[in-house]
Amino acid sequence: MNRVIFIGTSDAFGAGGRRQAAIFVETTSGGLLLDCAPTTNTGLTALGIPRSAVDGIAVSHFHADHFAGIPSFVLASIYEDRRRHPLVVAGPPGVEARVVAAADAIGHSITGREMPFVLRFVELPAGQLVDLGPARARSFAVHHQPESCPHGLDLEVGGRHLVYSGDTGWFDDLPRHTRGADLFLCECTFHTPLFAEHMAYRQLVERAPLLGCERLLLTHLGPSMSERRGQLELETADDGLKIEL
Ligand SMILES: [Zn+2]
Ligand SMILES: [Zn+2]
């Protein structure tokens, strides 16, 4: 059985007092974290999910609320968990350099330490199918700030098809990636459109039929979405929500 557990579902700034982007995908062949915000260790602890259950972290893009939690995840795995099994960190091209530089900048360097486990970086160039263990992943380019190397993730998880938008505004090629998905986890930062680089609810309500997915679930909710949760036509995620896939 595959399960999806939402560790963090807020926008970049913690709207509604919730945690930032991190989604745990639990499969019969291991666990994969989609994005790893700085609040991820807190979320995993709160939900009783050990870091050792995470075999890989797949990063959608290089914004802090999606990958800046990796250094502390690695350090806690070394010193607190005494982890022994490998950890894969996958992401857009340049992922290793970006994570190493971020770790150095915030004083949680991950280089020059004695590592009791293998930390392996894997690049996910758009369109290429890569086996990450718990899932096979293919990334695709999305519409977001280009300097963050923005990608969505198309995942095969134990015979099921999961698509994660990462951060993106609407772009006309999106349905090509979501069509036929069992579950599409889509960012929805705003209720009414505000920036072209983020999705808005009004756009999604109108265009949802084009997506062609079995189930659509909204995450990365900003203040205007967070305060409307439970009053909307489309389904929204919340921290700690667990669903079967
Ligand atoms: Zn974000
Ligand atoms: Zn972003």
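The values are calculated or read from the model by the stated rules, or taken from the named source; none is laboratory data. Not measured: the values here are computed from a predicted model. Heads up, the Cβs are rebuilt from the backbone with ideal geometry, glycines too, and the neighbour counts pull from every protein chain shown.
In summary, Arg83 fulfils each of the numbered conditions (1) part of a strand (DSSP E or B); (2) touching a Ser or Thr at 6+ places or on another chain (Cβ under 9 Å); (3) basic (Lys, Arg) with the single exception of condition (1).
At least 1 residues being under 24 Å from Ile7 (Cα atoms) and within 14 Å of ligand 1 (Cβ to nearest atom) is the threshold, and among the helices (runs of 4 or more DSSP H) wholly inside region 109-226 those reaching it are 223-226. Scanning region 64-101 for residues that are closer than 21 Å to Gly14 by Cα and surrounded by 18 or more Cβ atoms within 10 Å (Cβ to Cβ) yields Asp65, His66, Phe67, Ala68, Gly69, Ile70, Pro71, Ser72, Phe73.
Residues are listed down the side, and each one gets a yes or a no for (1) over 19 Å from Lys242 (Cα atoms); (2) touching a Cys at 6+ places or on another chain (Cβ under 7 Å); (3) free of Cβ contacts under 8 Å to residues at least 60 places away in the same chain; (4) among the hydrophobic types (A, V, I, L, M, F, W, C):
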position: Thr42; (1), (2), (3), (4): no, no, yes, no
position: Thr45; (1), (2), (3), (4): no, no, yes, no
position: Pro50; (1), (2), (3), (4): no, no, yes, no
position: Ile57; (1), (2), (3), (4): no, yes, yes, yes
position: Gly69; (1), (2), (3), (4): yes, yes, yes, no
position: Ser77; (1), (2), (3), (4): yes, no, yes, no
position: Asp81; (1), (2), (3), (4): yes, no, yes, no
position: Glu96; (1), (2), (3), (4): yes, no, yes, no
position: Val100; (1), (2), (3), (4): yes, no, yes, yes
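Test Leu194 against the criterion of being within 24 Å of Ala68 (Cβ to Cβ), within 16 Å of ligand 2 (Cβ to nearest atom) and more than 19 Å from the chain's Cα centre (by Cα), and give yes or no. Yes. Among the residues in region 105-118, are any under 17 Å from Pro150 (Cα atoms) and either surrounded by fewer than 22 Cβ atoms within 10 Å (Cβ to Cβ) or of a type in the set (Lys, Arg) (or both)? Taking every residue of region 105-118 in turn, none turns out to be under 17 Å from Pro150 (Cα atoms) and either surrounded by fewer than 22 Cβ atoms within 10 Å (Cβ to Cβ) or of a type in the set (Lys, Arg) (or both).
Residue count for region 216-245 under the criterion of being under 17 Å from Ser165 (Cβ atoms) and loosely packed, with under 13 Cβ neighbours inside 10 Å: the result is 1.
Set side by side, the residues Thr189, Thr111 differ, and just one is within 16 Å of the chain's Cα centre (by Cα), farther than 18 Å from Leu245 by Cα, modelled with pLDDT of 95 or more and of a type in the set (S, T, N, Q), which is Thr189.
Considering only residues in region 130-175 that are among the hydroxyl-bearing types (Ser, Thr, Tyr) and in contact with a His (Cβ under 9 Å, 6 or more places away or on another chain), the one that is farthest from ligand 2 (Cβ to nearest atom) turns out to be Ser139.
Taking the condition within 18 Å of the chain's Cα centre (by Cα) and under 22 Å from Gly159 (Cα atoms), does Leu129 pass? Yes.
Selection over region 8-40 of residues that are in a strand (DSSP E or B), within 20 Å of Leu132 (Cα to Cα) and not charged (D, E, K, R) gives a count of 10.
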